[in-house]
1. Which residue out of 185, 140 is in contact with a strand residue (DSSP E or B) (Cβ under 9 Å, 6 or more places away or on another chain) and modelled with pLDDT of 95 or more?
2. Just checking, which of 49, 22 is closer than 21 Å to residue 65 by Cβ and surrounded by 20 or more Cβ atoms within 10 Å (Cβ to Cβ)?
3. Determine, yes or no, whether residue 97 is closer than 22 Å to residue 165 by Cα and surrounded by fewer than 16 Cβ atoms within 10 Å (Cβ to Cβ).
4. Which count do you get for residues in the stretch 159-176 that are of a type outside the set (Val, Ile, Thr) and either in a strand (DSSP E or B) or closer than 20 Å to residue 137 by Cα (or both)?
5. Take the residues in the stretch 92-114 that are assigned to a loop (DSSP other than H, G, I, E, B) and within 19 Å of the chain's Cα centre (by Cα); name whichever of them is nearest to residue 76 (Cα to Cα).
6. Can you tell me which condition residue 219 does not meet? The list is (1) in contact with a strand residue (DSSP E or B) (Cβ under 6 Å, 6 or more places away or on another chain); (2) in a loop (DSSP other than H, G, I, E, B); (3) touching a residue at least 40 places away in the same chain (Cβ under 8 Å), and all the others hold.
7. Just one of (1) outside any loop (DSSP other than H, G, I, E, B); (2) closer than 29 Å to residue 69 by Cβ; (3) of a type in the set (Phe, Trp, Tyr) trips up residue 141, so point out which.
8. Can you pull out the residues in the stretch 203-224 that are crowded, with 20+ Cβ neighbours inside 10 Å and either in contact with an Asp or Glu (Cβ under 6 Å, 6 or more places away or on another chain) or more than 17 Å from residue 130 (Cα to Cα) (or both)?
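The values are calculated or read from the model by the stated rules, or taken from the named source; none is laboratory data. Values in this document were obtained by computation on a predicted structure and should not be read as measured data. Here Cβ is always computed from backbone atoms with ideal geometry, including for glycine, and neighbour counts include all displayed protein chains.
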Amino acid sequence: MCRMAGFSLVNPRDIGGIFEFVSKMAKEGKGAPHGDGFGYVLVGENAFVYAKFFTPIYESKARLEGTFRLGILHARKASEGVPLGLRQVHPFYVNEKFFAHNGTVFSATRTNPYESDTFDYFASVKDFENFQELVLKIKSFARSNRYSGLNFLMLDTLESALYVCCLFNSERTDDYFVLHYKESSDGFIVYSEKYEEGYQPMANGEVFKVLNGRIVERGNVFDG
């Protein structure tokens, strides 16, 4: 249960506003507080930052200096029964991919080194040859597990691509897991909550691939 943001911009820029909104969601947004640590991965023209903290993002003195064009920010709220600690803070990293998740996978074994349901999910979907294969892997994982939400943001530094998945238990009647995004001439930004007018809700099951600020592929795990 978390709050997060992802972005892919046409040109690098200061992202202090994105950091501030994630902090606001973590402190005052749906399901707040989300105070069990935070992390981010940020890519600029001449900069790369990957950091995790066990303090709440809204109490942090961290400042994001520089300009960035691609990234993920995540504020954690641990699910009941899941360990608390820096090891469990998102995003996770394997083979040039970074992964942040919102939701709980109730059926996860959590036998990985992080004791994390998110890492189980990441391990199941991270290796794919193309976008269609990724969508199929998400669909397979969803069919095999019990979950509240399988929302994720995944950043592939080799492709400079951002992958976005909005997927949650269809029995939910609230909008806690609905991701909101905006695609404009400046690029693409997605949040766990609506930032302002102009942001659109993603459909349940929808998956995007974003390159250079543009959605280049779309799919839905419920199709077919």
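1. One residue alone meets the criteria, 185.
2. Every option except 22 fails the conditions.
3. no
4. Count: 10.
5. Among those that are assigned to a loop (DSSP other than H, G, I, E, B) and within 19 Å of the chain's Cα centre (by Cα), it is 103.
6. Residue 219 satisfies every listed condition except (2).
7. So residue 141 meets the others, but not (2).
8. 205, 209, 213
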